[in-house]
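Beneath this line is the structure, given in structure tokens, with notes to follow.
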Amino acid sequence: MTRRLSILPATLARAVRLVWLSDRRLALWHTALIVLQALLPLGSLVALKQVIDRATRLFSSASPDPFTWAGAAGRLTSDAEFRLLAIWLAAGALCLVLAAAARLLVAWVSEFHAIAVTDRIYALLHGALLRADFSFFENPDSQNRLYMAREEALDRPTRLLAGLGQLLHSVIGIGGVFIILAGFTPWLPLLLGCAALPVLFFKLDRTRRFYDWRKSLTPLDRQASYFHAVMTDNAGAKEIRLYGHGDFCLGRFAAARARLREERVAWRRFVLTREALGLFIGLAVTGVILLWMTSRLLAGAVTVGALVLCVQSVQRGQHAVTALLNAVSALFEDALFLQSFEELLRQPARVGTPEHPVPVPDILRSGITFENVSFTYPGRTEPALRGLSFTLRPGERVALAGPNGAGKSTLVKLLCRLYDPDGGRILVDGTDLRAFDPQDWRRRIGALFQDFNHYQLTLRDNIRIGHPETPENAPEVERAARDAGLGPLIKSWPQGLDTRLGRWLHDGIEPSIGQWQKIALARAFLRPALLTILDEPASALDSDAQRETFEALARLSRGRIALFTSHRQLTPGMADRLLILRDGTLAADGPPADLAADPLARGLIDLRPATASAASLCAAP
């Protein structure tokens, strides 16, 4: 238990820092109102004791005349004892009214403060994820932590804030109650404190188990969420209706949820037995104190008001101790979120930024050289690339081919510096790629990936997002759109470049997959790139659109390097050079015509006479 208690100060410090930095003004108001809310009920207890004692003395010594408001008003001026009774009664009532008002204000301030904490958590989370290495998104353990953080980010701030408020409220309440009880005898607060120790142990033990229990359920929770998304997302709607595998997905979802339900029932059973034991201890303590105070009353050692004050204080003290233990237990649960959250914020960078980065050249001169480059993915033993050596020269259009798993995507990731090689170097005009700031280098790359995004934005913003520094109405946006073959679409769509795309956020136009690919291609063309990377750029295009794409690539590759992967046959003029990868090694390198007879290039090159379109492509500058 000592080890578990030792993490409490650090967790408390994290929570307080997060709450304070979210909104300092609200934090101050929130704290002041909680202190007021905790003190006012204690004031009403003291006032109640005074009222009972004074009323008992007053009415036991006075004549039993019937009570009238007129008589009471007269006694306020003539009877000092009656006047003090009225003052204490008014003070108690005022404390109750102010406590109710403070409770309402705390709820009001808490709501706005929780929003501020949530916004800060989202800001920190989004900032960390935008800075995180690409390897983070390919790591299952990292994704489990991210899933927990995303699930908790919506309601954890509210619970965290409520827990801190309850902690402060309980500490003040317990302190006040202990002071009141110590006035009767010092062993009363000691008895309450000792009775809380077993309950504290049970709650901390429950929280420790909760850590492991929650962590063990995360993969199962993600599985249920995955099949839920498959059945409810529009991306899978067509296949579910065509293949009829909705029942299959429903079965997997139901099985995961059934296991989650069983685990939660077992967990609640475990918690319930501990809570019942804590309740029994509390009742026993109350009974002992009530018997002792009753004996003191019968012996004439205490007044009726003192008995009421003691019993009420014990009950309030028990409630405050229970609330404190719940707050401490909740704080340990918060530690699960805060530790996982801070782990996300402190993701180590595998692709680091040099202390003194070298400026990225504006123009490529000698090109990009791979020198004996090797790479193995984190957590794996088999290299994805082995000893690659070649040079990509400015102005070249290079096709990258090879069977699935040959290393094409890995090579592209290294060029984008999403990973750094384990062995060898990648040189840009003779400078090691690791000498550049990764962000500066990526700004000079235009890329079309196979899993390109479908942004629920206007067509203009879909393109401009490829180079956010471009002004909204810059002519470069329309030029990139036309280079990508979007000219006819711009004319046919109702608002042209300002047409809203997608139907997830609004009632827009849903482009075909080929049109989405052209939009993604326009994003790549918009960037002032030294290197343009197109991963299967024609996979969703018809033959005419494919021809237009490579014509545009030929125009835009002057002074730049254009690299594209393809499983289709290369026709004359599509590429100046062909690189063939096999098992992570460079199996062939040369002009397509020279490699046509190579068995490795079988099926990759079409040497039939060029059509007029292909001939014009060959003649493109």
Original post:
Got a number for residues in segment 487-509 being out of contact with any Asp or Glu (no Cβ under 9 Å at 6 or more places or on another chain) and part of a loop (DSSP other than H, G, I, E, B)?
Top reply: 9
**OP:** From Thr381, Thr391, grab the single residue that is surrounded by fewer than 17 Cβ atoms within 10 Å (Cβ to Cβ), assigned by TED's automatic domain parsing to the domain that holds Asp589, over 32 Å from the mean Cα position of the chain (by Cα) and of a type in the set (Val, Ile, Thr).
**Re:** Thr391
Original post:
Do any residues in segment 258-287 that are within 30 Å of Gln223 (Cβ to Cβ) and free of Cβ contacts under 8 Å to residues at least 12 places away in the same chain have Cβ atoms under 9 Å from those of residues that are of a type in the set (A, V, I, L, M, F, W, C) and assigned to a helix (DSSP H, G or I), where the two are at least six apart or on different chains, and which pairs are they?
Top reply: Arg264/Leu217
Subject >> Pairs, first within 14 Å of Ala588 (Cα to Cα) and among the aliphatic types (A, V, I, L, M) in segment 372-391, second modelled with pLDDT of 95 or more and surrounded by fewer than 16 Cβ atoms within 10 Å (Cβ to Cβ), C-beta under 6 Å, six or more apart >> reply: none
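So, Arg434, is that one in a loop (DSSP other than H, G, I, E, B), of a type in the set (D, E, K, R) and either in contact (Cβ under 8 Å) with a residue 60 or more places away in the chain or touching an Asp or Glu at 6+ places or on another chain (Cβ under 6 Å) (or both) or not?
So Arg434 does not fit the description; no.
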Original post:
Do you know which residues across segment 451-465 are out of contact with any Ser or Thr (no Cβ under 6 Å at 6 or more places or on another chain) and touching a residue at least 40 places away in the same chain (Cβ under 8 Å)?
Top reply: Phe452, Asn453, His454, Tyr455, Gln456, Leu457, Thr458, Asn462, Ile463, Ile465
**OP:** Could you tell me whether Glu536 is more than 16 Å from Asn453 (Cα to Cα) and at pLDDT 70 or above?
**Re:** no
**OP:** For Asp451, indicate whether it is among the charged types (D, E, K, R), within 27 Å of Leu563 (Cβ to Cβ) and buried (at least 21 other Cβ atoms within 10 Å of the Cβ).
**Re:** no
Original post:
Which is under 21 Å from Arg14 (Cα atoms), in contact with a helix residue (DSSP H, G or I) (Cβ under 6 Å, 6 or more places away or on another chain) and assigned by TED's automatic domain parsing to the domain that holds Leu39, of Ala99, Ala116?
Top reply: Ala116
Original post:
So which of Phe370, Phe332 is part of a helix (DSSP H, G or I), of a type outside the set (A, V, I, L, M) and crowded, with 17+ Cβ neighbours inside 10 Å?
Top reply: Phe332
Original post:
So which residues in segment 455-477 are among the hydrophobic types (A, V, I, L, M, F, W, C) and within 10 Å of Leu501 (Cβ to Cβ)?
Top reply: Leu457, Leu459
**OP:** Test Leu192 against the criterion of being assigned by TED's automatic domain parsing to the domain that holds Phe341, over 40 Å from the mean Cα position of the chain (by Cα) and closer than 13 Å to Leu325 by Cβ, and give yes or no.
**Re:** yes
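Looking for whichever is within 22 Å of Arg145 (Cβ to Cβ), assigned to a helix (DSSP H, G or I) and modelled with pLDDT of 80 or more here; the options are Leu220, Leu250. Which one fits?
Only one candidate passes the filter, namely Leu220.
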**OP:** Taking only segment 86-134 into account, find how many residues are among the hydroxyl-bearing types (Ser, Thr, Tyr) and either surrounded by fewer than 17 Cβ atoms within 10 Å (Cβ to Cβ) or not in a helix (DSSP H, G or I) (or both).
**Re:** 1
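Residue by residue, here is whether (1) of a type outside the set (S, T, N, Q); (2) surrounded by 18 or more Cβ atoms within 10 Å (Cβ to Cβ) holds:
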residue	(1), (2)
Thr158	no, no
Ile174	yes, yes
Lys203	yes, yes
Pro219	yes, no
Original post:
How many residues, within segment 480-502, are surrounded by fewer than 18 Cβ atoms within 10 Å (Cβ to Cβ) and touching a residue at least 24 places away in the same chain (Cβ under 8 Å)?
Top reply: 4
Original post:
Is it true that Ala15 is part of a helix (DSSP H, G or I), at pLDDT 75 or above, among the aliphatic types (A, V, I, L, M) and within 30 Å of Gln339 (Cβ to Cβ)?
Top reply: yes
**OP:** Kindly establish whether Ala562 is modelled with pLDDT under 75, within 30 Å of Gln515 (Cβ to Cβ) and small (Gly, Ala, Ser).
**Re:** no
Original post:
Any residue at all in segment 452-465 that is over 35 Å from the mean Cα position of the chain (by Cα), under 30 Å from Thr391 (Cβ atoms) and assigned to a loop (DSSP other than H, G, I, E, B)?
Top reply: no
Original post:
Taking the condition outside any helix (DSSP H, G or I), touching a Pro at 6+ places or on another chain (Cβ under 8 Å) and at pLDDT 85 or above, does Leu364 pass?
Top reply: yes
Original post:
How about segment 401-418: which of its residues are under 25 Å from Asp440 (Cα atoms) and either assigned to a strand (DSSP E or B) or touching a Pro at 6+ places or on another chain (Cβ under 8 Å) (or both)?
Top reply: Leu414, Arg417
Original post:
Counting just the residues of segment 254-305 that are among the polar types (S, T, N, Q) and part of a helix (DSSP H, G or I), which one comes out surrounded by the most Cβ atoms within 10 Å (Cβ to Cβ)?
Top reply: Thr286
Original post:
Do the conditions hold for Ser340, that is, is it assigned to a helix (DSSP H, G or I) and either closer than 30 Å to Arg131 by Cα or aliphatic (A, V, I, L, M) (or both)?
Top reply: yes
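The values are calculated or read from the model by the stated rules, or taken from the named source; none is laboratory data. Source: prediction; values computed, not measured. All Cβ positions, even for glycine, are placed from backbone atoms using ideal geometry, and neighbour counts span all protein chains on display.
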